[in-house]
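Reviewing the structure listed below.
Every number here is computed from the coordinates shown, using simple stated rules; none is lab data. Please read these numbers as outputs of a predicted model, since none were measured by experiment. Note that we place each Cβ from the backbone using ideal geometry, even for glycine, and neighbour counts take in every protein chain shown.
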Amino acid sequence: MLLPKAREIIAKVDIFKSYAKGMATGLEAELSVVIDVFFPIHIIAEAAKDFRERFPTVPLRLFVEALGGTVEPILDRRANVGIVGSLPVMPSGIATEPLGSILFNIVASADHPLSLIEGPISKSQLEQHVQLILTDRTELSAGREFGVMSSQTWRLADLFAKHTFLINGLGWGGMPEHAVKTDIEEGRLVSLIIEDLPAGGLRLPVSIAYRSDDPPGPAGRWFIGRLTACSNDSSIT
């Protein structure tokens, strides 16, 4: 009984020594990352696997948010690093680095009236139908509208809910291409061709964000580099 207990104590001492060594060299005690809900989560998972091996003593905390929710945790220091795509205007005090872009499609269910229109759809035709919009849970985008093309809007705070509403024909709206690719291929959703918009979809720029007065430490800097490499390998740019 004593030998297993002794091994357990030694293991805990080794972990404590690793923590102490990391803190002495400026290594973060924890890395908190806020991720834009539009960003492909499989890329985060790839980077997280390598992060766990490289920094076994640094816990990783993830938030998944949209619009101002991707920046607010950085401003109030709940997160060290953010992946921001859906908020086009950065508040002061936030530094950014380009990460790439995400393909963004305007879609509707296969039986939605807009899906039955042949040729490009005009803005006046869009106006006749409800647009499903991802809403901001913070005040950072108060008074601003991003990508709103209809006066009839339903606002949802969750991308999964928006996806489900789209499939059920409750409106039309924009979605990241990777989130609806299978639905389009299997006929549940249709990619709409909108007048004056690129036929293949819109490109949404994505950036790494952090406080200007509190840049990432060694673990955060490494995680940013790994995310960039994984993003390039997955061809999101």
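Side notes on the structure shown:
- Distant alpha-carbon pairs in the chain (separation over 28 angstrom), percent: 41 percent
- Fraction of beta bridges assigned by DSSP in region 103-203 that are antiparallel (%, nearest 5): 60 percent
- Extending 7 Å from Cα along the Cβ direction at residue 49 and again at residue 197 yields two label points whose distance is 3.4 nm.
- Take the Cα of residue 137, step 7 Å toward its Cβ, do the same at residue 124, and the gap between the two points is 4.1 nm.
- Net charge, residue 66 excluded, C-beta distance under 12 Å - Lys, Arg +1, Asp, Glu -1: -2
- If you take all other residues with their beta carbon under 9 Å from the beta carbon of residue 82, and give Lys and Arg +1 and Asp and Glu -1, the sum is -2.
- The chain: angle of helix 41-54 to the longest principal axis, Cα-based, in degrees nearest 10: 10 degrees
- Shown is the FRET efficiency for residue 29 and residue 90, computed with R0 = 35 Å from the Cβ-Cβ distance and rounded to the nearest 0.05: 0.85.
- Local electrostatic count at residue 110 - Lys and Arg +1, Asp and Glu -1, tallied over other residues with Cβ under 14 Å: -3
- Under DSSP loop assignment and at most 16 Cβ neighbours within 10 Å, longest GluC sites (Glu not before Pro)-free interval of the chain: 31-117
- The chain: antiparallel DSSP beta bridges as a percent of all, rounded to 5: 55 percent
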